[in-house]
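The values are calculated or read from the model by the stated rules, or taken from the named source; none is laboratory data. None of these values were measured; they are calculated from a predicted model. Heads up, the Cβs are rebuilt from the backbone with ideal geometry, glycines too, and the neighbour counts pull from every protein chain shown. Quick note on the areas: whole protein, heavy atoms, side chains included, nothing else; ligands and nucleic acids left out. Shrake-Rupley method; radii C 1.70, N 1.55, O 1.52, S 1.80 Å.
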Amino acid sequence: MNRGVSLVAAFIVVPIVWLGAAGCAVSVGSEAEAATDVSDFDASVDVGSIDFATSAGEDAQEHFIRGVAILHSFGYEQAREQFHAAQEIEPDFALAYWGETLTYNHPLLPERDLESPRDALKRLGATREERAAKAGDERERGFLAAVEDLFDEGELADRRIAYMEAMERLYEQYPDDDEVAAFYALSLLQAVGPLGDDSFRLNVLAGSIALGVFERNPYHPGAAHYIIHAFDDPVHAPLALPAAYRFADIAAAVSHARHMPSHIFIQRGMWDRVSKSNDSAYEAAVALWDPGERVGDMVHSLDWGQYGDLQRGDYAKAREWIAELDDLVERTGDEGRGKSTVPLVRARYIVETEEWETREITDDTSSSELLATGISAVHTGDLDLAREAAARLRKAGERQSGDSSTFQRGPKPAQVMHHEVAGLIRLAEGDADGAVELFDKGLAIASTMGPPRGAASPIKPIRELYGEVLLQLERPEDAIAQFEDQLLYTPNRPRTLLGLARALSAAGDRAAASEAYRSLLEMWADATEPKELAEAREFLASGAAPTG
């Protein structure tokens, strides 16, 4: 791809496709209409339905098709088993090795294993030319050439761009091939970070291509999956709702497929569905896990499920998620993702429930723990501990590196958290102007970050916290602006709705405050523990503004 020309051309073409896609999405009038029955399909096809013609014989092809379908849902270990089975049947089946190479790294996260995909290619042939000679036709050689570029020498960013360009050439050559289209769409999403594309052009192009595949084949796992990733933000999420409703049914055998709809449900503030999606995903992950395998799917669903239940006000279940994660780490011996997620879910629980709790700070204390401890320390009057947390967060923001545009990684979240804690300390010291200045600086950093792709990041959104501070400073109109802005990033977030209701009441707008309290009670319809339930009910019943 000529980066200066093709991206501009893509941007010109996309709005035409975008309007058609939007019209299609809007035509789905209800959840019931979107949740298409898949019971009339072959029960063995519990990973979706794809059409991927190859040069392989029937037996190898059967394993290959299942492997690719699972790969589209990021079920890497499951997919790899199928590709290995195809290789055993036909040792020179080039695309079986192509598929295997794509099972070692999550395409939207930093690379963690470069040697395994290279080893897979070496098993097919010693050189690039030898491997290409085993491909069945020009299309198969195109797929193979693309992963040769992806796992070649050089920096990851350059290799991902080269991969995208190779897939673009293949797409131009085979525009009616749904598998080419699906993998091209994913390659565009892979390239967002390396190209530094903050305009959403690549997401829109990827989403429009995936929507086209989805319209032709509503049981294609990759189409549904990549639509969700492409439109995983509050503004565009409505376009992905049909895919979100359907994806878990398309590929019920893959835990990640059961989890992925919650990306869109979070963006829409559909907390019951976030909880149920991750309950289901966790069950599937447990059933599929074998000793020695990564625990990522189990941890991911526990993490997201806890966030959803906290928003539902189901604090008891949120505590169960923490206990389950503790048990998971212990019984699997995990020293990686599971162990690192335990501090996150504990810190999130403290912040969301406002059950303030401080912990000893060590060199291993995570940024989320520092934030929870820092906020708790201010509320409990231990400003020295709060200052230590703020100082550690400042250092974390200085030393961390990496791209923060995808899933809120990099130094910016820690920088924002530092300003949050430091601002609260200034406020507790009586320096209102200093507190506002620090929050303004933190907000400026947060404004350069993309919207959260999942749970709030940081775990206490700065706009929400700033609104609470402004309300404390008797600036309700300014507080309203912060809460309303936060709801654009995290729709239906209960603590933001609570702050908005309080600010509207303080500003004298009883009607709007009542509406915000009603929305809060809808989010907490089945909750019993949040102490603010009584506040909302009393406000709506008595006609008097709350004192808290």
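For Arg131, state whether it is assigned to a loop (DSSP other than H, G, I, E, B), more than 28 Å from Arg216 (Cβ to Cβ) and either modelled with pLDDT under 95 or not aliphatic (A, V, I, L, M) (or both).
No: the conditions fail for Arg131.
Does the range 491-538 hold any residues that are part of a loop (DSSP other than H, G, I, E, B) and on the phi < 0 side of the Ramachandran plot, and which are they?
Pro491, Arg493, Ala507, Asp509, Trp524, Ala525, Asp526, Ala527, Thr528, Glu529, Pro530, Lys531
Taking the range 66-92, which residues are hydrophobic (A, V, I, L, M, F, W, C) and closer than 26 Å to Arg112 by Cα?
Correct list: Val68, Ala69, Ile70, Leu71, Phe74, Ala79, Phe83, Ala85, Ala86.
Conditions (1) free of Cβ contacts under 8 Å to residues at least 60 places away in the same chain; (2) closer than 23 Å to Pro261 by Cβ; (3) open to solvent by 50 Å² or more (accessible area, probe 1.4 Å), marked per residue:
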site: Pro117; (1), (2), (3): yes, no, no
site: Leu121; (1), (2), (3): yes, no, no
site: Arg128; (1), (2), (3): yes, no, yes
site: Glu148; (1), (2), (3): yes, no, no
site: Glu168; (1), (2), (3): no, no, no
site: Leu188; (1), (2), (3): yes, yes, no
site: Leu202; (1), (2), (3): no, yes, no
site: Glu215; (1), (2), (3): no, yes, yes
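(1) in contact with a Lys or Arg (Cβ under 7 Å, 6 or more places away or on another chain); (2) within 17 Å of Gly423 (Cβ to Cβ); (3) of a type outside the set (D, E, K, R): which one isn't true of Ala372, the others all being true?
(1)
Go through (1) more than 27 Å from the chain's Cα centre (by Cα); (2) open to solvent by 20 Å² or more (accessible area, probe 1.4 Å) and name the single condition Ala96 misses.
That leaves (2) as the condition not met.
Looking only at helices (runs of 4 or more DSSP H) that lie completely in the range 250-306, which have at least 2 residues being within 14 Å of the chain's Cα centre (by Cα) and either modelled with pLDDT under 90 or surrounded by fewer than 21 Cβ atoms within 10 Å (Cβ to Cβ) (or both)?
In the range 250-306, no matching helices (runs of 4 or more DSSP H) lie anywhere.
Out of the range 109-126, which residues are over 30 Å from the mean Cα position of the chain (by Cα) and either within 18 Å of Ala166 (Cβ to Cβ) or modelled with pLDDT under 95 (or both)?
Leu121, Leu124 - these are the residues of the range 109-126 that are over 30 Å from the mean Cα position of the chain (by Cα) and either within 18 Å of Ala166 (Cβ to Cβ) or modelled with pLDDT under 95 (or both).
When you check Lys441 against the structure, is it under 23 Å from Pro343 (Cα atoms) and open to solvent by 20 Å² or more (accessible area, probe 1.4 Å), yes or no?
Criteria not met by Lys441.
Which count do you get for residues in the range 235-289 that are among the acidic types (Asp, Glu) and without any contact (Cβ under 8 Å) to a residue 40 or more places away in the chain?
2
What residue, among those in the range 46-88 that are over 17 Å from Leu186 (Cα atoms) and among the β-branched types (Val, Ile, Thr), is modelled with the lowest pLDDT?
Val47
Might you check whether a residue that is in contact with a Ser or Thr (Cβ under 9 Å, 6 or more places away or on another chain), open to solvent by 60 Å² or more (accessible area, probe 1.4 Å) and either part of a helix (DSSP H, G or I) or within 26 Å of His259 (Cβ to Cβ) (or both) occurs anywhere in the range 39-55?
Yes, because at least one residue in the range 39-55 is in contact with a Ser or Thr (Cβ under 9 Å, 6 or more places away or on another chain), open to solvent by 60 Å² or more (accessible area, probe 1.4 Å) and either part of a helix (DSSP H, G or I) or within 26 Å of His259 (Cβ to Cβ) (or both).
I need the helices (runs of 4 or more DSSP H) fully contained in the range 160-236, keeping only those with at least 1 residues that are over 20 Å from Ser73 (Cα atoms).
So the answer is 192-195, 201-216.
Hey, can you tell me all the residues within the range 314-352 that are among the acidic types (Asp, Glu), in contact (Cβ under 8 Å) with a residue 60 or more places away in the chain and either open to solvent by less than 20 Å² (accessible area, probe 1.4 Å) or in a helix (DSSP H, G or I) (or both)?
Glu352 - this is the single residue of the range 314-352 that is among the acidic types (Asp, Glu), in contact (Cβ under 8 Å) with a residue 60 or more places away in the chain and either open to solvent by less than 20 Å² (accessible area, probe 1.4 Å) or in a helix (DSSP H, G or I) (or both).
Which residue pairs have Cβ atoms under 7 Å apart, sit 6 or more places apart or on different chains, and have a first residue in the range 290-308 that is closer than 16 Å to Gly333 by Cα and a second that is open to solvent by 10 Å² or more (accessible area, probe 1.4 Å) and among the basic types (Lys, Arg)?
Val295/Arg337; Gly296/Arg337; Val299/Arg337
Within the range 376-399, is even one residue part of a helix (DSSP H, G or I), of a type in the set (S, T, N, Q), under 28 Å from Ile266 (Cα atoms) and open to solvent by less than 10 Å² (accessible area, probe 1.4 Å)?
yes
In the range 288-309, what count of residues is obtained for those that are in contact with a Lys or Arg (Cβ under 6 Å, 6 or more places away or on another chain) and within 29 Å of Glu529 (Cα to Cα)?
Residues meeting the conditions: 2.
Only one of (1) open to solvent by 40 Å² or more (accessible area, probe 1.4 Å); (2) touching a residue at least 24 places away in the same chain (Cβ under 8 Å) fails for Pro221. Which number is that?
Single failed check for Pro221: (1).
A quick yes/no check of all residues on (1) among the hydrophobic types (A, V, I, L, M, F, W, C); (2) open to solvent by less than 10 Å² (accessible area, probe 1.4 Å); (3) in contact (Cβ under 8 Å) with a residue 24 or more places away in the chain:
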{"residue": "Glu468", "(1), (2), (3)": "no, no, yes"}
{"residue": "Pro476", "(1), (2), (3)": "no, no, yes"}
{"residue": "Glu484", "(1), (2), (3)": "no, no, no"}
{"residue": "Leu487", "(1), (2), (3)": "yes, no, no"}
{"residue": "Arg502", "(1), (2), (3)": "no, no, yes"}
{"residue": "Ser505", "(1), (2), (3)": "no, no, yes"}
{"residue": "Gly508", "(1), (2), (3)": "no, no, no"}
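From the list Leu540, Leu520, which one is in contact with a Ser or Thr (Cβ under 7 Å, 6 or more places away or on another chain), modelled with pLDDT of 95 or more and open to solvent by less than 70 Å² (accessible area, probe 1.4 Å)?
Residue meeting the stated conditions: Leu540.
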